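Peer 1: Structure provided below as structure tokens; questions to follow.
The values are calculated or read from the model by the stated rules, or taken from the named source; none is laboratory data. Since the model is a prediction, treat every value here as computed from it, not as a measurement. For neighbour counting, all protein chains shown are included, and Cβ atoms are generated from backbone atoms with ideal geometry for every residue, glycine included. Calculation scope for accessible area: heavy atoms of the full protein, side chains included, ligands and nucleic acids excluded. Shrake-Rupley method; radii C 1.70, N 1.55, O 1.52, S 1.80 Å.
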Amino acid sequence: MTTALDVDWLLDAGLAPDAADDTLAPLYSAAAADRLDLPFCADCESPIDLDQHVCDNCGSVRTLWRTVESTGTVHSATMMHRLEPGLVRTGAPYPILDVELTSGHRLIMTSRDRTEAVFHIGDQVTIGFRSLGGVAIPAACLVRLPSRPTKESTAQSISEEHP
């Protein structure tokens, strides 16, 4: 039975990942408890990618999952304007972000909630979770910083400095 909490703002529930997937079960289990657990090399403690089986640093195949700080920096951002009826539930553009976490991991995600905010390279984010088909998945929340100049305010400043 689907509840209101299972209805994601962006994607159809049929696209939910398999929370029992052996490779990513630690991620989904921790996310269900509102924690972000990610893999590290068990020998040299380097962060490793979610689908990585061998450590780039030392060659170990041993992995250890641990809770990381849920903060990071937007490494790249784009606004997706493609609509896919039956898959994408929104009719508005939505962000796709490459976030570099303070742990050294990089994750691709969207925003936790529907937003009109525009993400920029260098923006600070916290990681929250969306529920997609009952599975908690990581998603970004923009940290509110002092407002950045717009094209209009920049043009206004230039014209005031150079009449």
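Peer 1: Give the long-range amide H neighbours of Ser111: residues separated by 5 or more places, or on another chain, with amide H under 5 Å away, using H modelled in the peptide plane at 1.01 Å from N.
Peer 2: Amide H neighbours of Ser111, under 5 Å, 5+ apart: Ala140.
Peer 1: Find out how many positive minus negative residues lie around Ser60, taking Lys and Arg as positive, Asp and Glu as negative, among other residues whose Cβ is under 13 Å from that of Ser60. Please report the intermediate quantities before stating the final value.
Peer 2: Details: positive: Arg62; negative: Asp43, Glu45, Asp56.
Value of the local net charge: -2.
Peer 1: Can you pull the accessible area of Asp56 for me, 1.4 Å probe, Å² to the nearest 10?
Peer 2: My reading of the accessible area for Asp56 is about 140 Å².
Peer 1: Note down the net charge around His75, summing +1 for each Lys or Arg and -1 for each Asp or Glu among other residues with Cβ under 13 Å from its Cβ.
Peer 2: Around His75, the surrounding residues sum to -2.
Peer 1: Tally Lys and Arg at +1 and Asp and Glu at -1 over the other residues with C-beta under 13 Å from the C-beta of Cys44: what net charge comes out?
Peer 2: Residues near Cys44 contribute -2 overall.
Peer 1: Positive end of the dipole of the stretch 11-130, charges at C-beta (+1 Lys, Arg; -1 Asp, Glu), about the Cα centre: which of Tyr28, His105, Val54 has its Cα farthest in that direction?
Peer 2: Checking the options against the dipole of the stretch 11-130, the answer is Tyr28.
Peer 1: Which order do Met79, Met109 take by accessible area at a 1.4 Å probe, largest first? Don't jump to the answer; show the numbers that get you there.
Peer 2: On the way: Met79 65, Met109 15 Å².
The most accessible residue leads, giving Met79, Met109.
Peer 1: May I pose another question? Per-residue HN-Hα couplings for the stretch 45-58, Karplus 6.51 cos²θ - 1.76 cosθ + 1.60 at θ = phi - 60°, whole Hz, x for Gly and Pro?
Peer 2: 6, 6, x, 10, 5, 4, 9, 8, 10, 10, 5, 5, 7, 10
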